[in-house]
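The values are calculated or read from the model by the stated rules, or taken from the named source; none is laboratory data. As the structure is a prediction and not an experimental result, all values here were calculated from the model. When we count neighbours, we look across all protein chains shown, and the Cβ atoms used for this are built from the backbone with ideal geometry, even at glycine. Protein only, heavy atoms only, side chains kept; ligands, DNA and RNA dropped before computing areas. Shrake-Rupley method; radii C 1.70, N 1.55, O 1.52, S 1.80 Å.
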Amino acid sequence: MNLFDYTRPASVAEAVAAAAVPGAAYLAAGTNLLDLMKGGVVTPTHLVDVTRLPGLDRIEFLDDDGVRIGALVRNADLAHDARFARAYPAVAEALLSGASAQLRNAATTAGNLMQRTRCPYFYDPASPCNKRAPGAGCAATGGATRLHAVLGWSEHCIATHPSDLCVPLAALDAVVEVAGAAGTRDVALAEFHRLPGDAPEHETVLAPGELITAVRLPPAAAGFSAHARYLKVRDRTSYAFAVVSAAAALRLDGGRIGEARLALGGVALKPWRAHEAERLLAGQAPERAAFQAAADAALADAKPSGAANAFKIELARRILVRALTLAAAGTPDRVPALPGSPFASSFAPSPAGAAHG
Ligand code: SF4
């Protein structure tokens, strides 16, 4: 049995102070952390329970037309907030495609960002894993790599980040609000997760003891509401992580693409923003040839990390083209029963601005 201390602080300042202890971990819904502890994958010495911290469970629509999502807002509550879903339909769609209904009812916004890779070797303490034990080696390399990375990986780690939520958040320039012993700071979500390099044990840019307090979407993010989709390909219809996913958001001006936002999930150890593809789309007619060129650019640097995952590169190209096609057609009035199904054949475009949720 692993012994650990347990604290339930009453304020963010108290939480940060409590987490200054070496080996401390923040506990929110625990949908990932408790599984890791039960499996002996992680052994924190001190759990700092942040579930009762006041004020972190609110969705605040800001005067500048942005939105601030408290760290403890549950995934289901955010997805089903009608005003939020109307303004950020791809984010709602990503949330609804994640995990299961029970897990979405419990899991929090910050916890979604902080969840660990689902590399099966990471979850098996008998397998060497550089992320779990730096320098131990990587059992995935040469192993079962079907769900591993095709972008941004290194010889030290080829895992992927499992979040759906983070993919549209990265595309929409979300900002993570962080509190620590030195005060508060903002971190761009696109910079929040680290690629593995030679230190895959460092997964985010958080300093020890820093706590996520909120995620903000800037005012410009709502400007894509009429043409925004999240598509996810997975091995089961529900309760499965993405093999590949894509968030596509377009702002159309006079029949042409004024601005595009694109990000991929399931392909790297962080949500993968496709800046070059976005640049290529600007000014183009929203047509297949432009979408194909953008997808080619987005995957230009992709390479398999094992014998079993080369297919993900072509799959990612096709999912990007499909996501762009659906986004150009218009955000549907309602999220389909199966959110973001790449196999759905028809989607009713909304007349303007999409009533959704
Ligand atoms: Fe560990 Fe990363 Fe290798 Fe998986 S891919 S075994 S997480 S080092």
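Yes or no: Phe192 modelled with pLDDT under 95, under 27 Å from Gly70 (Cβ atoms) and under 14 Å from the mean Cα position of the chain (by Cα)?
Details: modelled with pLDDT under 95: no; under 27 Å from Gly70 (Cβ atoms): yes; under 14 Å from the mean Cα position of the chain (by Cα): yes.
Criteria not met by Phe192.
Identify all residues within the stretch 116-164 that are near the ligand (Cβ under 8 Å from one of its atoms), among the hydroxyl-bearing types (Ser, Thr, Tyr) and under 14 Å from Val267 (Cβ atoms); write none if there are none.
Selection gives Thr117 alone.
Looking at the stretch 108-118, which of its residues are surrounded by fewer than 24 Cβ atoms within 10 Å (Cβ to Cβ) and in a loop (DSSP other than H, G, I, E, B)?
Within the stretch 108-118, Gln115, Arg116, Arg118 meet the criteria.
Need pairs with beta-carbon distance below 7 Å; first residue farther than 24 Å from Leu147 by Cα and within the stretch 263-282, second open to solvent by less than 10 Å² (accessible area, probe 1.4 Å); sequence gap 6+ or separate chains.
Glu278/Ala260; Glu278/Leu262; Leu280/Ala294; Leu281/Ile257; Leu281/Ala260; Leu281/Ala294; Ala282/Ile257; Ala282/Ala260
Among the strands (runs of 3 or more DSSP E) lying completely within the stretch 24-64, list those that include at least 3 residues that are open to solvent by less than 30 Å² (accessible area, probe 1.4 Å), in contact (Cβ under 8 Å) with a residue 24 or more places away in the chain and out of contact with any Asp or Glu (no Cβ under 6 Å at 6 or more places or on another chain). Walk me through how you get there before you give the answer.
On the way: elements: 24-27, 46-49, 59-61.
Strands (runs of 3 or more DSSP E) meeting the threshold: 46-49.
Inside the stretch 226-244, can you point out the residues that are buried (at least 21 other Cβ atoms within 10 Å of the Cβ) and in contact with a Phe, Trp or Tyr (Cβ under 7 Å, 6 or more places away or on another chain)?
First pass over the stretch 226-244, keeping only residues buried (at least 21 other Cβ atoms within 10 Å of the Cβ): 227-233, 241-244.
Matches in the stretch 226-244: none.
Looking at Val21 and the list (1) surrounded by fewer than 19 Cβ atoms within 10 Å (Cβ to Cβ); (2) part of a helix (DSSP H, G or I), which single condition is not satisfied?
With respect to (1) surrounded by fewer than 19 Cβ atoms within 10 Å (Cβ to Cβ); (2) part of a helix (DSSP H, G or I), Val21 is out only on (2).
Residue-by-condition table, conditions (1) over 24 Å from Leu47 (Cβ atoms); (2) in contact with a helix residue (DSSP H, G or I) (Cβ under 8 Å, 6 or more places away or on another chain); (3) aliphatic (A, V, I, L, M):
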{"residue": "Leu169", "(1), (2), (3)": "yes, yes, yes"}
{"residue": "Glu177", "(1), (2), (3)": "no, no, no"}
{"residue": "Gly180", "(1), (2), (3)": "no, yes, no"}
{"residue": "Leu189", "(1), (2), (3)": "yes, yes, yes"}
{"residue": "Phe192", "(1), (2), (3)": "no, yes, no"}
{"residue": "Pro208", "(1), (2), (3)": "no, no, no"}
{"residue": "Val215", "(1), (2), (3)": "no, yes, yes"}
{"residue": "Ala222", "(1), (2), (3)": "yes, yes, yes"}
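So the check is Cβ under 8 Å with 6+ separation or different chains; which pairs have a first residue in the stretch 190-215 that's hydroxyl-bearing (Ser, Thr, Tyr) and a second one that's assigned to a loop (DSSP other than H, G, I, E, B) and away from the ligand (no atom under 12 Å from the Cβ)?
That search, which allows pairs on different chains as well, returns Thr204/Arg194; Thr213/Leu56; Thr213/Ala71.
Can you find, within the stretch 81-97, the residue that is farthest from the chain's Cα centre (by Cα) among those that are more than 14 Å from Ala107 (Cβ to Cβ) and outside any helix (DSSP H, G or I)? Spell out how you get there, then give the answer.
Just the residues of the stretch 81-97 that are more than 14 Å from Ala107 (Cβ to Cβ), to begin with: 81-93.
Checking which are outside any helix (DSSP H, G or I) leaves us with 81, 88.
On the way: Asp81: 19, Tyr88: 14 Å.
Checked the stretch 81-97; the qualifying residue farthest from the chain's Cα centre (by Cα) is Asp81.
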